[in-house]
Amino acid sequence: MGSKRLQNIQGYSFLLPAMLVILVFTLIPIAYAFFMMFFKVDLLSGARTFIGLNNFAKLLDDPKFWASCRNTFRYVLFVVPIQTIVAMVLAALLNSKVKFNRAFLTIMFIPTLTSSSAMTLIFMWLFNNNGVMVNLIDQVFGVRIAFLNNPDLALSVIMMMNIFSTVPHFMTVFLSGLQDIPESLYEAASLDGANAFRKFMNVTVPQLMPITFYVVTMGLVGCFQIFDQAFIISDGTGGPQNSTLTFSLYIYQLAFNSNDMGRATALAFILGAIIFIVTYIVNKWLKADEVNG
Amino acid sequence: MKKFAAILAAASILVGATACSNSEKAGKSSSNKDPITLAVWGSSPSESKALEATVASYEKESGKDVKIEVIQDNFQDALTSRFAAKNAPDVFYLESYAAPKFIKSGVLADLSKDIKNQDDFYQPLLDSFKDKGGKLYAAPKDYSTLALYVNKGLLEKAGYKVEDIPADWEGLVKFSKELQTKLSKDQAAMIFDNTLARNLSSLIASGLNPVTDKGKADFTSNQKAIDYMKSLVDGQKAGYLKNPKIDMGIDSAGAAFGTNKAVMMIEGNWVLSALKQEYPDVKYDVLPAPTVNGKKETMTFNVGYAVAKDTDNKKGAVDFVNYMTGKGQKQWSEMSGTLPTRQSVTKEMKIDQDPVLSAHANGAAYGTVWSSGVNLPTISQAFDNQLLAAFNGDKSVEKAMKDAEKEANDEIARQE
Amino acid sequence: MIIMKTNYKSLKIFVYIFLVGYCLLTLAPFLWSILTSFKTTAEISAGGSFFPKEWSLKGYQTIFDSQFPLWIKNSLFVALVTTIFNVLFNTMAGYSLARIDFKGRKVIFSFLLMLIMIPSQVTMIPLYIVISKLGLVDSQWSLIFTTMINIAYIFMMRQFFINFPRDVEEAATMDGLSRFGTFFRVVLPNAKAAIATQSVFMFMGVWNEFMKPLLFISSPDKYMLTQGLNAVSKQFRNATQWDVIMAGAIISIIPILIIYILLNKYFITENNQSAGVK
């Protein structure tokens, strides 16, 4: 249909408004930041000295960089699979003939609405050294676990918080994807004698793949860039012992505590590259972007 | 196709028109009489009202306009953005903690010859806004110091009197230990804070300056300082010193104190307004912060007015700062409940005779101001991060201090 | 009928238990927030119990005493305008990337993905410089322009359109509709679920945006709701007024909840009458 040229014109005219806005308000700021990573920058005065790749060398030599790397990867490895699977299963359950599904949906959406400061307050209340969780575990198992100042556990508390508040978001996305799956596919599967689980695995999962690609990618972006919760729980220090220091929190510390915007941007672009590579590998592995592509 | 083009055209015209009208407006307002812009952070209603009233008095007296811009949160980030965009306010609040960074960047106007009657200020406050050459870059507006708050009701219930409380740190720790045996498990004899911001003066009194002359971190060269930190760690382990957030699940020290969960706390005068409004039933006394190693010590947190170097209205800005820290200071301090930075105003307001405020105000003369060169943020961050390991028992205090020193000095080396 | 076919009774019970359990789990923190908004600051900061010891309206009172009707108006204006722009332009761009086979679309798509992978901490200050150069500081248009496109939702729309049935489009082209005609008359009406999802999250995103208003807007009469509520709740430097924060949070989510309930029907077909049998 149509000549190649017409397709090109059509394609770009549909993209035009978006591209204009992205150029001015996304690309220019990123380009500006891109150049800063080769400089030693004092943002206040605007003074800068060219230092080439020195910012990168400093980072690779920095134990805090590796700590933030370890924490962030641990975080992503744990949170992304869980939130994706839980969101998909919940969406499929709600989309099956369950009574009161809309009421369920509305209630499940609520954590997304709860502000992150309220969420953090609730979790601090639950997990502090004299809080509900600690006392409960003490009564049942007879041990007192210090969640917030134990380096191994502080990050886990943040992980749970994140899963809790992002699942409804991705669940809604999956649900709208499920609306587009043709009924006939399920009917065909029924005729072949497939049970509910088989149908989920053979029809729902593959048909949802493009959406899964989106959810996994945005999950990776969100988790690799995790900032708010880590900042609030550790008061911005990344402690105890760098255990809640994430990439984004370290970027923030470099930019505003060390006043070293050059190194902060260098780290930001390293993070960008890591996210891109991981996303690429994960989605190649899932073969997520190949359906009808 | 046509319909879409029409929508797009309409949208772009709309957008273009409003953008134009906006920049026009901005152009007009800046050409008209040029008010002095003052950037401040969000604070309590009484402080906001006090600021508005004092600024109004200045406007009335001088016939000039002042535009107050309140930056609610992330003040440093917002201010940095405005400097980066060459859009800085004429006058702005500056914490002494952040002052070295601004001074080093060279974006502040030199006020050495502009601020009047400089001898009248408490000198430690003034000094925290000076560079190494003694040039002055901001005028102190108000300050807070730490003092020892005692919950009289709880103390008397446990069978003690305020006079029983020792004035030195070692005695205070022993007293807390004894006191804790008469309290319930969810109560604390004393609340402590493990950050460097609260303990710097105690370390200095012990004989250790964590920030060396060369701006490097030093946490290890003095055994007494390590012993001081150990007293905090031991106290927490035994339960007579408690951290409100981690050990009690309480949002702030003031709240723990106000809800009768703590007998003593070493806090700044900022808790007073909360104690007055939220916890009016609690009876308390305020004593000077304990001596450490036989020396008087407290932390001072100091805020001033700074003027941007690039302002087109330095004369007006200086005039305004002089009013706010001079003639207008009494009005500001009285309404806001903050402590005046001038000794004459302190005397005039009889703060040195006030039973609550005098403990704080007397500290201004000897307190350690929370400010120590451009590397302090890096040094204190490493300290706070590593010392937590000592508190949860993963490292000894010696090891944590050593690691903190290394972490800070490595980072400082990378910044150079 | 997908999961619970006819005779899986035990599975069905399990599903209900699971759903109800998950709902309770999500509802508890929210209920806690509501109850907290009726406690006094003193009670909240001391930890306290689940139910308020005494019911206090101070949090709500503090908010009603502020300029909050004006802030709601500002937030509604900005959020509605940006949502409309976003839905239109993101959907167009997503459609183009999914369904029009033009030269360079793979490159453009990968490039767009790269842009969302750069964390905002380092682009915020350059963005402020752009806004300031355009003379948009302290204007609501700074918020609208910087949020009127969202790459994440371009991406989402692309993923939806990839599976979009081709025959619908082809039938429209046969009827002689142009590409734009097909898009507006056939594609958009068939993508209601995706558009509803995008609208809710876009609206919510703008409504809750924190950093941009903080940097771009300085006059109290132009504050966004979240910014204004933050200003009101910052009473003491060292003791946060949780009751005001919670009351503010409750008030500020009401519009989003209403929108969510209104658009609910596009996410899912309701079936409260009969379960199990098709």
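The values are calculated or read from the model by the stated rules, or taken from the named source; none is laboratory data. Because the structure is a prediction, the values reported are computed rather than measured. Heads up, the Cβs are rebuilt from the backbone with ideal geometry, glycines too, and the neighbour counts pull from every protein chain shown.
Things worth noting here:
- Comparison of C:25, C:97 shows that the only residue that is assigned to a helix (DSSP H, G or I), more than 7 Å from every other protein chain (Cβ to nearest Cβ) and either surrounded by fewer than 22 Cβ atoms within 10 Å (Cβ to Cβ) or free of Cβ contacts under 8 Å to residues at least 40 places away in the same chain (or both) is C:25.
- Of residues in the range B:391-411 being buried (at least 24 other Cβ atoms within 10 Å of the Cβ) and more than 8 Å from every other protein chain (Cβ to nearest Cβ), the one farthest from residue B:215 (Cα to Cα): B:400
- Meets criteria (within 14 Å of another protein chain (Cβ to nearest Cβ), in contact with a Lys or Arg (Cβ under 6 Å, 6 or more places away or on another chain) and either buried (at least 18 other Cβ atoms within 10 Å of the Cβ) or among the acidic types (Asp, Glu) (or both)) for residue B:265: no
The rows are residues; the columns are (1) modelled with pLDDT under 85; (2) more than 17 Å from the chain's Cα centre (by Cα); (3) surrounded by 21 or more Cβ atoms within 10 Å (Cβ to Cβ).
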position	(1), (2), (3)
A:247	no, no, yes
A:252	no, yes, yes
A:257	yes, yes, no
A:265	no, yes, yes
A:270	no, no, no
A:276	no, no, no
A:287	yes, yes, no
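- Residue satisfying condition, being modelled with pLDDT under 90, among the acidic types (Asp, Glu), in the same structural domain as residue B:319 (by TED's automatic domain parsing) and surrounded by 19 or more Cβ atoms within 10 Å (Cβ to Cβ), within set B:73, B:77: B:77
- Output for the range A:132-155, where each listed residue is more than 12 Å from every other protein chain (Cβ to nearest Cβ) and touching a residue at least 12 places away in the same chain (Cβ under 8 Å): A:155
- Total residues in the range A:163-200 satisfying the condition of being over 18 Å from residue A:89 (Cβ atoms) and either of a type outside the set (A, V, I, L, M, F, W, C) or touching a strand residue (DSSP E or B) at 6+ places or on another chain (Cβ under 6 Å) (or both): the figure is 8.
- Residue within the range B:152-171 that is under 21 Å from residue B:381 (Cβ atoms), touching a strand residue (DSSP E or B) at 6+ places or on another chain (Cβ under 8 Å) and of a type outside the set (Phe, Trp, Tyr) present: no
- Of all residues making up the range B:84-102, the number that are at the interface with chain C (Cβ under 10 Å from one of its Cβ atoms) and surrounded by 24 or more Cβ atoms within 10 Å (Cβ to Cβ): 1
- Residue in the range B:285-298 that is crowded, with 19+ Cβ neighbours inside 10 Å, at the interface with another protein chain (Cβ under 10 Å from one of its Cβ atoms) and among the hydroxyl-bearing types (Ser, Thr, Tyr) present: no
- Every condition in (1) part of a loop (DSSP other than H, G, I, E, B); (2) surrounded by 15 or more Cβ atoms within 10 Å (Cβ to Cβ) holds for residue C:33 except the one numbered (1).
- Which listed residue is in contact (Cβ under 8 Å) with a residue 24 or more places away in the chain, more than 30 Å from residue B:275 (Cα to Cα) and of a type in the set (A, V, I, L, M), from B:374, B:369: B:374
- Of the helices (runs of 4 or more DSSP H) lying entirely inside the range C:130-238, those carrying at least 1 residues that are within 23 Å of the chain's Cα centre (by Cα) are C:140-147, C:151-162, C:192-208, C:211-216, C:225-233.
- Positions within the range A:66-75 being surrounded by fewer than 21 Cβ atoms within 10 Å (Cβ to Cβ), within 14 Å of chain B (Cβ to nearest Cβ) and in contact (Cβ under 8 Å) with a residue 60 or more places away in the chain, in sequence order: A:67
- Condition met for residue A:203 (touching a residue at least 24 places away in the same chain (Cβ under 8 Å) and either of a type in the set (Asp, Glu) or in contact with a helix residue (DSSP H, G or I) (Cβ under 7 Å, 6 or more places away or on another chain) (or both)): no
- Hey, residue C:102 assigned to a loop (DSSP other than H, G, I, E, B), within 14 Å of chain A (Cβ to nearest Cβ) and surrounded by 20 or more Cβ atoms within 10 Å (Cβ to Cβ) or not: yes
- In the range B:100-138, the residue that is farthest from the chain's Cα centre (by Cα) out of those that are over 14 Å from residue B:374 (Cβ atoms) and among the acidic types (Asp, Glu) is B:114.
- Residue check for residue A:212: in contact with a Ser or Thr (Cβ under 6 Å, 6 or more places away or on another chain), surrounded by 17 or more Cβ atoms within 10 Å (Cβ to Cβ), among the polar types (S, T, N, Q) and at pLDDT 90 or above: no
- Across the range A:99-116, the qualifying residues are those that are within 27 Å of residue B:73 (Cβ to Cβ) and buried (at least 19 other Cβ atoms within 10 Å of the Cβ), and the one among them that is modelled with the lowest pLDDT is A:115.
- Which numbered condition residue C:75 misses (of (1) farther than 15 Å from residue C:255 by Cα; (2) within 24 Å of the chain's Cα centre (by Cα)): (1)
- Residue ranges of helices (runs of 4 or more DSSP H) in the range A:170-273 with at least 3 members within 11 Å of chain C (Cβ to nearest Cβ) and touching a Pro at 6+ places or on another chain (Cβ under 8 Å): A:247-256
- Of all residues making up the range A:1-25, the number that are at pLDDT 85 or above and small (Gly, Ala, Ser): 3
- Inspection of the range B:172-181 finds a residue satisfying the criterion of being surrounded by 20 or more Cβ atoms within 10 Å (Cβ to Cβ) and more than 25 Å from residue B:363 (Cα to Cα).
- Evaluation of residue B:368 against (1) facing chain A (nearest Cβ under 8 Å); (2) more than 30 Å from residue A:55 (Cβ to Cβ); (3) among the β-branched types (Val, Ile, Thr) (one fails), failing number: (1)
- Taking the listed residues B:239, B:316, B:328, the one that is of a type outside the set (Lys, Arg) and on the phi > 0 side of the Ramachandran plot is B:239, with no other qualifying.
- Residue that is out of contact with any Pro (no Cβ under 8 Å at 6 or more places or on another chain), modelled with pLDDT under 95, among the small types (Gly, Ala, Ser) and within 30 Å of residue B:319 (Cβ to Cβ), where the choices are B:215, B:133: B:133
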